[in-house]
Amino acid sequence: MANKENKVVYGLKNAHYAKLSFDETGAPVYATPVAMKGAVELSLEPESNDIQFSADDDASFFAESENQGYSGTLTLANLSYAFRADILGELDDDTDGTITEIADAKMSPFALLFQFDGDVNKTRHLVYYCIPSRAKLGSKTGKDIEGVEMTFKAKQLDLGESKLVKTQTTTEQSAKYLDWFTQVYVKGQTPAEG
């Protein structure tokens, strides 16, 4: 059966992160995805390196655009302690009940998984290699909830012969759909879990 085209994109849900590390050969190793409850908004702005070369009195003699990934912004109702410790490198101390941001924290790259309900396909997405920034924090009096905004860069995951940025699947296209949020799918590989 042919895949039906979504007319619109809406309904962000099922946001997950999976910590990314690399083994001794440089192959990606993803931890089991962890749910990020309270997904409010996600935007991915394409980044590219545009190359233009003029010759023969022609400004468009050669033109090319290199895929440099995305600049992303994810807004959540709140940022979990697990994400803050796993990805942002904050110190979660069970002995005194604190979680502390430290100036020289070692942040970890991660994969971002999420779903758009859409009108037909309920498309599930995966961005392979996200580099986090520190999250914004703020509030104001009353119950006007704004959420926590975190920016990140999504770059290429270099596998040698291919450089992956993102992928997606729908209910009608892939057997991977049902286990999309249980293990990070890397096309052409069976990645080890860390």
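Just one of (1) surrounded by 13 or more Cβ atoms within 10 Å (Cβ to Cβ); (2) at pLDDT below 95 fails for I87. It is (2). Just so you know, in region 123-143 the residues that are within 16 Å of G38 (Cβ to Cβ) and not small (G, A, S) include one that is surrounded by the fewest Cβ atoms within 10 Å (Cβ to Cβ), and it is K143. Within region 110-155, the residues that satisfy the criterion of being assigned to a loop (DSSP other than H, G, I, E, B), within 14 Å of L74 (Cα to Cα) and of a type in the set (A, V, I, L, M, F, W, C) are A135, L137. All of S133, S108, S162 fail the test of being of a type in the set (G, A, S) and either in contact with a helix residue (DSSP H, G or I) (Cβ under 7 Å, 6 or more places away or on another chain) or over 27 Å from G26 (Cβ atoms) (or both), apart from S108.
Scanning region 87-104 for residues that are part of a loop (DSSP other than H, G, I, E, B), within 24 Å of Y30 (Cα to Cα) and without any contact (Cβ under 8 Å) to a residue 12 or more places away in the chain yields a single hit, D104. In region 106-122, of all residues being closer than 16 Å to A39 by Cα, modelled with pLDDT of 90 or more and not small (G, A, S), the one that is surrounded by the fewest Cβ atoms within 10 Å (Cβ to Cβ) corresponds to Q115. Filter region 25-79 for residues that are at pLDDT below 75 and aromatic (F, W, Y); which is farthest from N14 (Cα to Cα)? Once the filter is applied, the top-ranked residue is F61. Could you go through region 147-154 and let me know if any residue there is surrounded by 19 or more Cβ atoms within 10 Å (Cβ to Cβ), small (G, A, S), within 17 Å of A39 (Cα to Cα) and out of contact with any Phe, Trp or Tyr (no Cβ under 6 Å at 6 or more places or on another chain). Looking for residues that are surrounded by 19 or more Cβ atoms within 10 Å (Cβ to Cβ), small (G, A, S), within 17 Å of A39 (Cα to Cα) and out of contact with any Phe, Trp or Tyr (no Cβ under 6 Å at 6 or more places or on another chain), one finds none in region 147-154, hence no.
The values are calculated or read from the model by the stated rules, or taken from the named source; none is laboratory data. All values reported here derive from a predicted model rather than from experimental measurement. For neighbour counting, all protein chains shown are included, and Cβ atoms are generated from backbone atoms with ideal geometry for every residue, glycine included.
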